[in-house]
Amino acid sequence: MTTSLKKLLLGEQGLLVIFAAAFVVVSLTVPNFLTERNMLGLLQSVVTIGVVACTMMFCLASRDFDLSVGSTVAFSGMVAVMASNATGSIVLGLLAALACGAIVGLANGIVIARFRINALITTLATMQIVRGFALIASDGRAVGINDPAFYQLSLSKFLTVPTPIWVMGLFFVVFGFLLNRTVFGKNTLAIGGNPEASRLAGVDVVRMRIWIFALQGLVCAVAGVLLASRITSGQPNAATGLELSVISACVLGGVSLAGGRATMTGVVVGVLIMGIAENVMNLLNIQAFYQYVVRGLILLIAVLLDNMRSVAGRPRA
Amino acid sequence: MTTETVLEIRNVSKHFGAVNALTAVNFRLERGEVHALCGENGAGKSTLMNVIAGVLPPSEGEVLIEGAPVKIASPAVAQSLGIGLVHQEIALCPDATIAENMFMAATNRRRSALMNYAQLERDAQAVMNRLAPIDVSQKVGDLPISSQQLVEIAKALTLDCRVLIFDEPTAALTETEAQVLFGIIRDLKARGISIIYISHRMAEVFSLCDRVTVFRDGRYVATEEIADVTPDDVVRLMVGREISQLYPDKQHSSERLGEPILSVRGLGDGARFRDVSFELRHGEILGVGGLIGSGRTEIAEGVCALRPVTQGEIRLHDKVLRLRRYSDAAKAGVVYLSEDRKGSGVFLDLSIAQNIAALDLKALTSLGLLNSRKERVLAEDLTRRLGVRMGGVDMPVSSLSGGNQQKVAIAKQLAVDPKVILMDEPTRGIDVGAKSEIHRLLRELARAGIGILVISSELPELIGLCDRVLVVREGRIAGEVSGDEMTEEAIMRLASGIGPANGTNLKASGHAA
């Protein structure tokens, strides 16, 4: 009995099993949890984390790290609002935001891969630089959206589900496909698993890493636009601490910080666990201060489980 | 045979900082030949292969493919020119499947962005089946070392090559697996593919190859037809001097059977090794041989508590040692010198003095403060005794040559007054001169009564240096050789698990460095 339980929890699908069990328990015990309204609210609350986690997964899987995502989300949201206010065209605003996000990512990638600067340090630096840009551009104040049509990005619904949730779902599918079914995805896992082996196999490691970071910047811009639309303004201090939530979600989902291991389903589950934990604590009126402790504990437990899993699965390692 | 040059190396040199790994070497490879490349460790064979395969750029000289000069800037370029390299070190992604690893290079050259798993696995299985019946959907990390080596070879076979380089492919293979590989190499040759074959094993070179080129100390020495030379000739070219002078005198037979310093009984860790028993006696150097991955390092780590053991007993001078962690072992006088000198043997950026003092800081501190004068005195004393050539004990270890770095690593161990030193590949990557100095040093330490255990992959080193050699195979002591029975053949037989009766079809190998 205990061994089969252990097998189940430490197996390939262990996280999914735990998640399903937790979901059932929470649905039965927490009032108002399993309602359409709450479910949509929950999903909407994890859109930013979920979207950014898609590319963070690639970043971590290739043995890299990106701390600048929170700043990039805020900055590109700000750019979207300011550019569309200035030009009167939402499309131009969105394009400007996407371009800015991609440029930040590209810069990260070039510094890290081409000049071989540690990713942690590089993105720590760009995190501050980009946050600075957001503050400078807006003079430290929130910038309201002039054209109400901008709100529609997050207010509009398709089949009763808000657009941002569709976008997140689409990203999950697209990046899941990219990871598992394309050469790009396989190369990402390969350079994370053994960069030297990948180089010897003819993978252009430098270019791959630059691409991954550029993609990360672009995706951050999408998240930034959606966030700005939801909070109806560009906020220079938006999404602070997002990088840690996103990395937590990825690690919860079994993405290895040492690179080489990642699954999209894992990341989706990781994102949902983060969302559910927060949602449940809100429903139970648990004070926000305690939520930090709980979130940290969840992360620690997940990592410990993951460690046990890899020890159990690899006697020779 | 028509002589048509596929690959030519002209005056290629390669420097790493001040070290000349290759000096103006020349090399020619004809179509459809198997060309052996021989030389001692550090002779520059692997460096040249890395230049050819685009891993390292040459400092000078040119590479010609079918008469046209080419610039091989990356492994991808080499592959597109039809050059494949089977690396000596296994370079695979542990979390990817065998099939994905095998076709990583091919996948990257294809234009399509999508993976076709069904076809990938089918093709991979077809190639793999030629070597061994291994299921290609497994993850590489779950395979034992010898199978990983087969994957590495299978990977090269998937490339459409005209030149295929094997850098010591049989180091981790069993005899049967090696025979399969030789069959494949002959088959490739028949299809007009040119093979460069690097090996230390003369028997393989002489049964497989058409010509042999010898390198020594980064220079080209000679190219001969295999039919015209004997293994002894090749060895003489490789070494360039009489071999017997290389090693210090061994123990006299009268000194044999000194009392045991360290005795190990039935040691096992429940995974990598089991049932390991041996004695290390006063005054002797005990060698430990075996294939890479056979568990040699793990046994040494088990003895000094760097790795948990689940069974067995270790006695030091007849006192049972109960070690829970490495610091206990060091305190008791059993120290370990890692094979990975740069990774875990020395602190490259710290000074020589700080390195030497690292294991025994307590003895040098008073009132919790480090006495740097004492540290200096200790370091100066030990470096003088060991003959470390250096600018001063304040210089960082990174300023020293490999051989002198190794001496500092040994000095570090000597600083704690050890009774037993376990050395893992003590002379790996060290030039010939420094190597024999280290050998002499080890012999002196053994005479002085310190138990010395040397793990080595170099058979000549085991035979030349050690008084007895234990051979490890698959985590067990497969046997022991000493005195006149100590030959490369005897050690290899034990290491690869073939009995002394068969396997005589191999040509006798006088020596292989």
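Details
- Acute angle (nearest 10 degrees) that the helix B:432-447 long axis makes with the longest principal axis of chain B, alpha-carbon atoms: 30 degrees
- If you plug the beta carbon distance of residue B:370 and residue A:45 into 1/(1 + (r/R0)^6) with R0 = 60 Å, you get a FRET efficiency near 0.65.
- Once C-alpha pairs closer than 8 Å and six or more residues apart are averaged by separation and normalised to the residue number of the stretch B:61-204, the relative contact order reads 30 percent.
- For chain A, built as a Gaussian network whose Cα springs stay under 10 Å, the top-fluctuating residue of A:189, A:252, A:178: A:178
- 0 to 90° range, to nearest 10: angle between helix B:402-414 axis and chain B longest Cα axis: 30 degrees
- Using a Förster distance of 60 Å, the FRET efficiency for residue A:294-residue B:320 (Cβ separation, nearest 0.05): 0.75
- Average silhouette area of the protein assembly as shown, convex hull of alpha-carbon atoms, in square nanometres: 41.8 nm²
- Per-residue mean of C-beta atoms belonging to partner chains within 10 Å, peptide A:261-268: 1
- Across the stretch B:38-144, C-alpha contacts under 8 Å between residues 6 or more apart give a mean separation that, scaled by the residue count, equals a relative contact order of 23 percent.
- For residue B:61, the residues whose modelled amide H falls within less than 5 Å of its own, excluding neighbours fewer than 5 places apart on the same chain, are B:13.
- Label point distance in nm, residue B:275-residue B:138, each placed 7 Å from Cα along Cα→Cβ: 2.3 nm
- Built amide H within the under 5 Å cut-off of residue B:455, gap 5+: B:288, B:423, B:424, B:425
- ³J(HN,Hα), Karplus 6.51/-1.76/1.60, whole Hz, each residue of the stretch B:201-213, x for Gly, Pro: 8, 4, 4, 5, 4, 7, 8, 10, 9, 8, 9, 9, 10
- Mean shadow area of the stretch B:397-471, taken as a quarter of the surface of its Cα convex hull (nm²): 5.0 nm²
- Span-like helix check, chain A: qualifying full DSSP H segments, with Cα axial length of 18 Å or more and mean Kyte-Doolittle of -1.0 or more, are A:14-29, A:47-61, A:69-87, A:90-109, A:119-138, A:163-181, A:205-230, A:264-283, A:288-313.
- Chain pair A, B: total accessible area buried, heavy atoms, 1.4 Å probe, Å²: 2100 Å²
- Antiparallel %, DSSP beta bridges [both residues in chain B], to 5: 55 percent
- Reachable aspartates and glutamates from residue B:14, criterion Cα separation under 14 angstrom, eight or more residues apart if same chain: B:60, B:62, B:217
- Partners for residue B:331 among lysines (Cα-Cα distance below 19 Å; same-chain residues under 8 apart left out): B:319, B:362, B:412, B:419
- The stretch B:90-150-the stretch B:372-417 distance, computed between alpha-carbon centres (Å): 47 Å
- When each of the peptides B:165-174, B:386-395, B:25-34 is scored by the mean number of other C-beta atoms lying within 10 Å of its residues, the order from highest to lowest reads B:165-174, B:25-34, B:386-395.
- Summary value for chain B: 15 percent relative contact order, contacts being C-alpha pairs under 8 angstrom separated by 6+ residues.
- For chain B, Kirkwood radius (reciprocal of mean inverse C-alpha pair distance, Å): 24.6 Å
- Ranked by the mean number of other Cβ atoms within 10 Å of their residues, highest first, the peptides A:285-295, B:131-141, B:443-453 fall in the order B:443-453, B:131-141, A:285-295.
- Label point distance in nm, residue A:152-residue B:489, each placed 7 Å from Cα along Cα→Cβ: 8.9 nm
- Taking amide H atoms as placed 1.01 Å from N in the peptide plane, the amide H of residue B:477 lies under 5 Å from those of B:277, each 5 or more residues away in sequence or on another chain.
- For residue A:7, the lysines whose Cα comes closer than 26 Å to its Cα, not counting residues fewer than 8 places off in the same chain, are B:139.
- Counting Cβ atoms of other protein chains within 10 Å of each Cβ in A:191-198 and taking the mean gives 6.
- Order by protection proxy (mean Cβ within 10 Å, highest first), peptides B:329-335, B:90-96: B:90-96, B:329-335
- Computed lengthening from residue A:36 to residue A:121, 0.36 nm per intervening residue step minus Cα-Cα distance: 26.3 nm
- For the peptide A:199-209, the mean number of other protein chain Cβ atoms found within 10 angstrom of a residue's Cβ is 6.
- Bridge type composition, the protein assembly as shown - antiparallel percent by DSSP, nearest 5: 60 percent
- Each residue of the stretch B:58-69 was assigned a 3J(HN,Hα) from its phi angle through the Karplus expression (A = 6.51, B = -1.76, C = 1.60, θ = phi - 60°), giving x, 6, 8, x, 9, 10, 10, 10, 6, x, 9, x Hz with x at Gly and Pro.
- Note, ³J(HN,Hα) from phi for the stretch B:145-157, Karplus 6.51, -1.76, 1.60, rounded to Hz, x at Gly and Pro: 4, 5, 5, 4, 5, 5, 4, 4, 5, 4, 4, 5, 5
The values are calculated or read from the model by the stated rules, or taken from the named source; none is laboratory data. Bear in mind that the values here come from a model prediction, so they are computed numbers and not experimental data. Cβ atoms come from the backbone with ideal geometry, glycine included; neighbour counts cover every protein chain shown. Calculation scope for accessible area: heavy atoms of the full protein, side chains included, ligands and nucleic acids excluded. Shrake-Rupley method; radii C 1.70, N 1.55, O 1.52, S 1.80 Å.
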